[in-house]
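Chemist: Can you keep this structure in mind? I'll have questions shortly.
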Amino acid sequence: DYVVVKMIPDNRLPPRHLHSVHTGKTFAVIKWESPYDSPDQDMLYAVAVKDLVRKTDKIYKVKTRNSTVEYTIKKLEPGGKYHVIVQLGNMSKESSMKINTVPLSAPDALKIITENDHILLFWKSLALKESNFNESRGYEIHMFDSLMNITAYLGNTTENFFKVSNLKIGHNYSFSVQARCLYSGQMCGEPATLLYDELGTGEDSSATKSSRSTDVAAIVVPVLFLLLVTLGIGFVVLYMRHRRLQNSFTAFANSHYSSRLGSAIFSSGDDLGDEDDEAPMITGFSDDVPMVIA
């Protein structure tokens, strides 16, 4: 024996299992389930988004019959803090959660250039990779002195460089640059940090790396230059020897050229030996024999 029981839906129950699926810089995807399984009609939800930084509220309406509801909250701010409340449109019990959006990225290519009595911090514009960043917002710079264990706020700028003076010899510093914090420091960008040490010698970590690469280049470049010079000299010597051999052969061939025959005559070693045996030896000339020069 069995009996079928159909429960009366209670629209005063809150949505179940409210949670965040994905959070970006300017949006958040949230998900929840209906107060009871398999709704037999469309249900109207009210999604209230409270900006905990700006102290503002926005309400969105979602109408669906699905048991599982997924909704994307848009037009949020990077690094913001929000309180999300979901309930049925009849103002039933509510479910709530807090969301923190992803802050702006850290500036790229932060480096230090050492001058006589100060240093210069340089970095790439954050607007190159962050469409939500406006240069008018600017950057703020912080410094941490590891010897004194003190963090100091140095100031802000809308440029891509910053001058730092009055540094103490023997102290190690860490500098950080980030998108300027808004609303009393509650909405900030991710910081880019660079260690500046060995102040007594006027070097930093980035300068040390660059000097090492410069030393390697100072060794490799002369060696390559010497190899190129040696190869060039070798080619010149081979070319001169080739020209000398060619000229010698040409002279040798011209000395054996017969204008009567129209060709050069070369004799073997045997023939030369026979001719030497058959030819009379010339011992001298007599005064009474006339010399004829043809």
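The values are calculated or read from the model by the stated rules, or taken from the named source; none is laboratory data. Small disclaimer: the values here were computed from a predicted structure and weren't measured. Cβ: placed from backbone, ideal geometry, glycine included. Neighbour counts: every protein chain shown. Quick note on the areas: whole protein, heavy atoms, side chains included, nothing else; ligands and nucleic acids left out. Shrake-Rupley method; radii C 1.70, N 1.55, O 1.52, S 1.80 Å.
Chemist: By a straight-distance test (C-alpha under 16 Å), which lysines pair with Lys124 as possible cross-link partners, with residues fewer than eight away in the same chain excluded?
Modeler: Lys111, Lys163
Chemist: If ligands, DNA and RNA are left out, what is the accessible area of Thr158 with a 1.4 Å probe, given in Å² to the nearest 10?
Modeler: Approximately 80 Å² for this residue.
Chemist: With all protein chains present, calculate the accessible area of Met240 using a 1.4 Å probe and round the result to the nearest 10 Å².
Modeler: Roll a 1.4 Å probe over it and Met240 shows about 100 Å².
Chemist: With all protein chains present and a 1.4 Å probe, how do Val49, Val220, Val3 order by accessible area, largest first?
Modeler: Descending accessible area places them as Val3, Val220, Val49.
Chemist: Given H placed 1.01 Å from N in the peptide plane, which residues other than close sequence neighbours of Tyr196 have an amide H under 5 Å from its amide H?
Modeler: Those lying under 5 Å, H to H, from Tyr196 are Tyr173, Ser174, Phe175.
Chemist: Lys58: net charge of surrounding residues, Cβ under 13 Å, Lys/Arg +1, Asp/Glu -1, itself excluded?
Modeler: So the environment of Lys58 carries a net charge of +3.
Chemist: Report the one residue of Ser96, His83, Val29 whose Cα lies farthest in the direction of the positive end of the charge dipole of the stretch 16-100 (charges on C-beta: Lys and Arg +1, Asp and Glu -1; origin at the Cα centre).
Modeler: Checking the options against the dipole of the stretch 16-100, the answer is His83.
Chemist: What list of ³J(HN,Hα) values in whole Hz, one per residue of the stretch 72-79 in order, does the Karplus curve 6.51 cos²θ - 1.76 cosθ + 1.60 (θ = phi - 60°) give from phi, with Gly and Pro shown as x?
Modeler: Listing the rounded values in order: 10, 8, 10, 6, 8, 10, x, x Hz.
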